Amino acid sequence: MAKAKESLNPFEVARKQIDRAGQKLSLDPGLLQILKHPRRELTVNFPVKMDDGSVKVFTGYRVQYNDARGPYKGGIRYHWNVSIDEVRALACWMTWKCAVMDIPYGGAKGGVICNPKEMSKGELERLTRRYASEISIVIGPEKDIPAPDVYTDSQTMAWIMDTISMHTGYSVPGVVTGKPLAIGGSLGRDEATARGAMYATREACKKLKLNTKGATVAVQGYGNAGYHYARLTHDELGCKIVAVSDSKGGIYSDKGLDPREVAAYKEKTGSVVGFPGTKKITNEELLELEVDILGPCALENVITSENAPRIKAKVSAEGANGPTTPEADDILFKKGVLVIPDILANGGGVTVSYFEWVQGLANFFWTKKEVDEKLEGVCVRAFDSVWKLSQEKKIDMRQAAYMVAISRVVEAYKWRGIWP
Ligand code: NDP
């Protein structure tokens, strides 16, 4: 990771972003204080029986940031670097994401400090079920609805749904989204984050008069967000994917990569690195490539004041949450790089999570075409509102997105009032 002068504490970054937008909106200081604090935080320390017979204690969190606009919503991350400040930041970003996409949810996030790559499926199931049980006192279909995030997937969601259902005595599919189709998942949820990012990229390129056909793309991270982003920009926008990466490093080919073939290779070998006909590059080098479109789709703080001056892409579509620091934002804005901020670029995921929840509550499921059309409508509307404000105020897209989102949350407070 790049060395930088600025704070890389994600929650400090998140609060700085609120201050910036708050100033522009001339927010009441009391309201600003509310928006800078998570409402409720739960820390759980719980034991898991490991395969070798030992017992290990894990720490997990669920942070419920703000529910002024609706039930809390946000994913669950399994990673060795999970910390309370990271979960707070991710929960905070979820609040603005749901508001900017105009979905009737608040923001939350969960995480467990663990290394899922070193755990067996049985250990992961026991960890997930016990964590779900510990946080069952705060989650539920009407109050807080988790979803997948880094190193969790539809299987994790199925275990959580089953655990909560066993506690309740009947099936409660609405407690999580991102479920497998067989138990109430939505068509299109697996690729939704990336599909939303693809629509946002398409809209951004239209504004810049950049032809997406043949436009070069580099994608960092090759999981749910990154793989589908590479595939969809390739298939539906005609882009040329020249570089992709995962936690083990990156690959480059000026001839272009077939995203599906790379995924099949990763499936077999565990990494994109070594894909035939490519040059090995580092994750840092990938970000600085001479490409039209950059898709940071892995983790936070990868674009800082240190490497921002060397970013050459015209558009950066943030599939990941928090990949760019505020200081880097200023540098990129001055350089004319159009950053589509995380809360807008990756909002397709929570949008289809919302569709899944709605379909489940109504027990009426939509076709993939219906899901995609509805998603496109939400993404284009959100992009347009942010673009318009950024042009009017001559500010970057992140500040505009925060202004749109925070105004909507403030409007909710205006009507609800401060209790009692
Ligand atoms: P996944 O677990 O599916 O994939 C994560 C990917 O990132 C993997 O390819 C992983 O590599 C790679 N990675 C991990 N560490 C590094 C590193 N240090 N450098 C480069 N690559 C790395 O997670 P998601 O795709 O779901 O999440 C990625 C980002 O997208 C996160 O910021 C998440 O919050 C955000 N996001 C996800 C949503 C979703 O619906 N899933 C919704 C909105 C945002 P490897 O394969 O080698 O492990």
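The values are calculated or read from the model by the stated rules, or taken from the named source; none is laboratory data. Quick caveat: nothing in here was measured; it's all calculated off a predicted structure. Neighbour counts run over all protein chains shown; Cβ positions are idealised from the backbone, glycine included. Heads up: the accessible areas ignore ligands, DNA and RNA and are worked out on the full protein's heavy atoms, side chains in. Shrake-Rupley method; radii C 1.70, N 1.55, O 1.52, S 1.80 Å.
Would you check which residues across the stretch 354-393 are under 17 Å from Asp190 (Cβ atoms) and within 16 Å of the ligand (Cβ to nearest atom) and list them?
Within the stretch 354-393, Tyr354, Phe355, Glu356, Trp357, Val371, Asp372, Leu375, Cys379 meet the criteria.
Only residues that are on the phi > 0 side of the Ramachandran plot and of a type in the set (Ser, Thr, Tyr): list them for the stretch 323-340, please.
Scanning the stretch 323-340 gives no hits.
For the stretch 15-117, please list each of the strands (runs of 3 or more DSSP E) lying entirely inside it that holds at least 1 residues being within 13 Å of the ligand (Cβ to nearest atom).
Counting at least 1 such residues, we get 72-79, 107-113.
Working carefully through the options Thr367, Thr325, find the one that is in contact with an Asp or Glu (Cβ under 8 Å, 6 or more places away or on another chain) and farther than 18 Å from Thr201 by Cα.
Matching residue, one of Thr367, Thr325: Thr325.
With the checklist (1) assigned to a helix (DSSP H, G or I); (2) closer than 27 Å to Phe11 by Cβ; (3) without any contact (Cβ under 8 Å) to a residue 60 or more places away in the chain in hand, flag the one item Gln399 doesn't pass.
Evaluating Gln399 over (1) assigned to a helix (DSSP H, G or I); (2) closer than 27 Å to Phe11 by Cβ; (3) without any contact (Cβ under 8 Å) to a residue 60 or more places away in the chain leaves (3) as the failure.
Under 9 Å between Cβ atoms, which residue pairs at least 6 apart in sequence (or on different chains) link something in the stretch 202-213 that is open to solvent by 100 Å² or more (accessible area, probe 1.4 Å) with a partner that is of a type in the set (Ser, Thr, Tyr)?
As it stands, the answer is Lys206/Thr212, since those pairs meet every condition given.
A quick yes/no check of all residues on (1) under 17 Å from Gln17 (Cα atoms); (2) open to solvent by 20 Å² or more (accessible area, probe 1.4 Å); (3) more than 10 Å from the ligand (Cβ to nearest atom); (4) of a type outside the set (D, E, K, R):
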{"site": "Leu299", "(1), (2), (3), (4)": "no, yes, no, yes"}
{"site": "Glu306", "(1), (2), (3), (4)": "no, yes, yes, no"}
{"site": "Val315", "(1), (2), (3), (4)": "no, no, yes, yes"}
{"site": "Pro323", "(1), (2), (3), (4)": "yes, no, no, yes"}
{"site": "Lys334", "(1), (2), (3), (4)": "no, yes, yes, no"}
{"site": "Ile340", "(1), (2), (3), (4)": "yes, no, yes, yes"}
{"site": "Val352", "(1), (2), (3), (4)": "no, no, no, yes"}
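Residues checked against (1) within 14 Å of the ligand (Cβ to nearest atom); (2) within 19 Å of the chain's Cα centre (by Cα):
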| residue | (1), (2) |
| --- | --- |
| Gly174 | no, no |
| Arg195 | yes, yes |
| Arg202 | no, yes |
| Ala225 | yes, yes |
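Have a look at Lys109, Lys117 and point out the one that is crowded, with 23+ Cβ neighbours inside 10 Å and more than 22 Å from Met403 (Cβ to Cβ).
The unique qualifying residue is Lys109.
Anything in the stretch 142-153 that is open to solvent by 40 Å² or more (accessible area, probe 1.4 Å) and away from the ligand (no atom under 16 Å from the Cβ)? List them, or say none.
Those that are open to solvent by 40 Å² or more (accessible area, probe 1.4 Å) and away from the ligand (no atom under 16 Å from the Cβ): Glu142, Lys143.
If you check Asp330 against the conditions, is it more than 30 Å from Glu12 (Cα to Cα) and among the charged types (D, E, K, R)?
no
Do we have Glu267 as in a loop (DSSP other than H, G, I, E, B) and within 16 Å of the ligand (Cβ to nearest atom) here?
The answer is no for Glu267.
Would you check if Leu299 is outside the structural domain of Ala147 (by TED's automatic domain parsing) and under 18 Å from Cys239 (Cα atoms)?
Working: outside the structural domain of Ala147 (by TED's automatic domain parsing): yes; under 18 Å from Cys239 (Cα atoms): no.
Taking the combined requirement at face value, the residue does not satisfy it.
Quickly run through the stretch 48-65 and pick out the residues that are in contact with a strand residue (DSSP E or B) (Cβ under 6 Å, 6 or more places away or on another chain), open to solvent by 10 Å² or more (accessible area, probe 1.4 Å) and over 15 Å from Leu124 (Cβ atoms).
Val55, Val57, Thr59, Tyr61
Can you tell me which residue is nearest to the ligand (Cβ to nearest atom) among those in the stretch 270-286 that are touching a strand residue (DSSP E or B) at 6+ places or on another chain (Cβ under 8 Å) and open to solvent by 70 Å² or more (accessible area, probe 1.4 Å)?
Glu285
Can you tell me which of (1) touching a Leu at 6+ places or on another chain (Cβ under 6 Å); (2) in a loop (DSSP other than H, G, I, E, B); (3) within 16 Å of the ligand (Cβ to nearest atom) is the one Leu257 doesn't meet?
(1)
Among the listed residues Ser165, Ser186, Ser171, which satisfies the condition of being open to solvent by less than 20 Å² (accessible area, probe 1.4 Å), of a type outside the set (Val, Ile, Thr), without any contact (Cβ under 8 Å) to a residue 24 or more places away in the chain and out of contact with any Cys (no Cβ under 9 Å at 6 or more places or on another chain)?
Working: Ser186 fails: without any contact (Cβ under 8 Å) to a residue 24 or more places away in the chain; Ser171 fails: open to solvent by less than 20 Å² (accessible area, probe 1.4 Å).
Checking each option against the conditions leaves just Ser165.
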